[in-house]
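First up is the structure itself, then whatever we jot down about it.
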Amino acid sequence: MLLQKMIQTPLLMTKEELSTLIQTISDKELQTLMQAADTVRREHFGDTVYLRALIEFSSHCAQDCYYCGLRHSNSNAQRYRLNLDTILDCCTGAYELGYRTFVLQSGEDFSYSRKDIYDIVYAIKSSYPDTAITLSIGEKSYDDYKAYFDAGADRYLLRHEAASRRLYELIHPETMSYDNRHRCLRDLKEIGFQVGAGFMVGLPTQTADDLAEDIIFIRNLRPHMVGIGPYLTHKDTPFCDKNSGTLRETLIMLALTRLTLPDVLLPATTSLETLEDSGRSKGLITGANVIMPNVSPQNVRKKYMLYDNKFGTTGGAEEMKLAITNQIQEIGFNVDMQVGHHPSRSKTKWQKHPEEKEST
Ligand code: SAH
Ligand code: SF4
């Protein structure tokens, strides 16, 4: 009954019904749920899996999230930051491999000023106007976000992490605020970014009710992207003795998300591949349609350790693209390296600023 309701009228599911479904779904019902999510994804995107080039440009972080290996208090973390030229080199390499979206991610590193990020985004967009730029650099002010948008950034990933206030507050120190995270998401939407929210599955003390709240939250926010991955343990965090999330519960949440937001961009995450070999393939057959291969310089990749044993810290960008392309084709999907905006925005709107145009 609940399963059929979820498949046929997902927007009518109550929080209680979602929670019961998450808690009681049998293996056989999960197969049906995954197939339904796959069908919905096919209706909107066909066989296409978008590839985005991920550049992790700084491992410094001023925040102290209890789950993350980059947290400020982790004195064992290895820190690095890339300058504009190195970031541009990564983009050039990725562009030559065919990538048309660059995802720039970092810890919350205050050594990059508003102008620094503006300059990075503007420089990339000036060199490669036919690309999309996604930022994922944490909580900032409205004016910061507006400046990044004006520079040419198209998208912003800021997972809400946990929609349940109780859970959010349990996994973050008091210095971090649930309300501010949500203010950021609202600002980003208002400014005009394609916005990515998202959450971890299997967090310490997380219940089916909490996960149901995540589905209700994204249903109300209607983000363009939703990043969902298992929580994975990192040895140098306060949660070092907590269990990681499971593949099964992550697949349930991916399927529920696809059914709830049929045309959302939904990555099969690195954390899913870290959890289990071919984890991303399982994500793709459950409704995911984006993969973000790492194109950061090889000598820094092992230093961006959000969790233990992170997948994809070795191998060149070309090698990784090939391996991922094979993985995608093996399960009958096709790689799409185009910009791949959310269906609600089909064209890049960016133009060089007038004063720049005059001088060129
Ligand atoms: N500092 C930025 C972006 C980098 S962290 C931010 O926090 O938004 C990117 C994402 O990694 C986070 O949103 C979080 O959901 C995920 N992450 C961090 N630690 C993790 C862990 N131990 N297991 C799984 N995902 C983790
Ligand atoms: Fe920093 Fe992001 Fe990790 Fe939190 S999740 S410690 S903000 S890098």
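The values are calculated or read from the model by the stated rules, or taken from the named source; none is laboratory data. Remember, it's a predicted structure, so these values are computed and weren't measured experimentally. A quick note on method: Cβ atoms are made from the backbone with ideal geometry, for glycine too, and the neighbour counts reach across all protein chains shown. Ligands, DNA and RNA are excluded from the accessible area calculation, which covers all protein heavy atoms including side chains. Shrake-Rupley method; radii C 1.70, N 1.55, O 1.52, S 1.80 Å.
Quick notes on this one:
- Rounded to the nearest 10 Å², the accessible area of ASP179 at probe 1.4 Å: 90 Å²
- A simple charge model with +1 on the Cβ of Lys and Arg, -1 on the Cβ of Asp and Glu and nothing else charged puts the dipole of the chain at about 320 debye relative to its Cα centre.
- Prolate/oblate/rounded label for segment 150-306 (Cα gyration tensor, a/c 1.5): rounded
- The chain - accessible surface per residue (Å², probe 1.4 Å): 41 Å²
- The heavy atoms of THR325 present about 30 square angstrom of accessible area, all protein chains included, probe 1.4 Å.
- Put HIS353, HIS72 in order of accessible area, highest first, and with a 1.4 Å probe you get HIS72, HIS353.
- Helical mean residue ellipticity (222 nm; -39500 (n - 2.57) per DSSP H run of 4+; nearest 500) of the chain: -13000 deg cm²/dmol
- If only the Cβ of Lys and Arg carry +1 and only the Cβ of Asp and Glu carry -1, the dipole of segment 50-172 around its Cα centre is close to 320 debye.
- When the chain is treated as a Gaussian network with alpha carbon springs shorter than 10 Å, the biggest mean-square fluctuation among ARG345, ARG222, ARG159 belongs to ARG345.
- Residue among SER244, SER111, SER296 with the largest mean-square fluctuation in a Gaussian network model of the chain, springs linking Cα atoms under 10 Å: SER111
- Amide proton proximity set for GLN63, modelled H, under 5 Å, gap of 5+: HIS72, GLU108
- Ranking SER164, LEU135, VAL121 by Cα position along the charge dipole of segment 64-200, where only Lys, Arg, Asp and Glu carry charges on their C-beta atoms, puts SER164 farthest toward the positive end.
- Backbone phi angles across segment 203-208, fed through the Karplus curve with coefficients 6.51, -1.76 and 1.60 (θ = phi - 60°), yield HN-Hα couplings of 5, x, 6, 5, 10, 4 Hz in residue order; Gly and Pro are listed as x.
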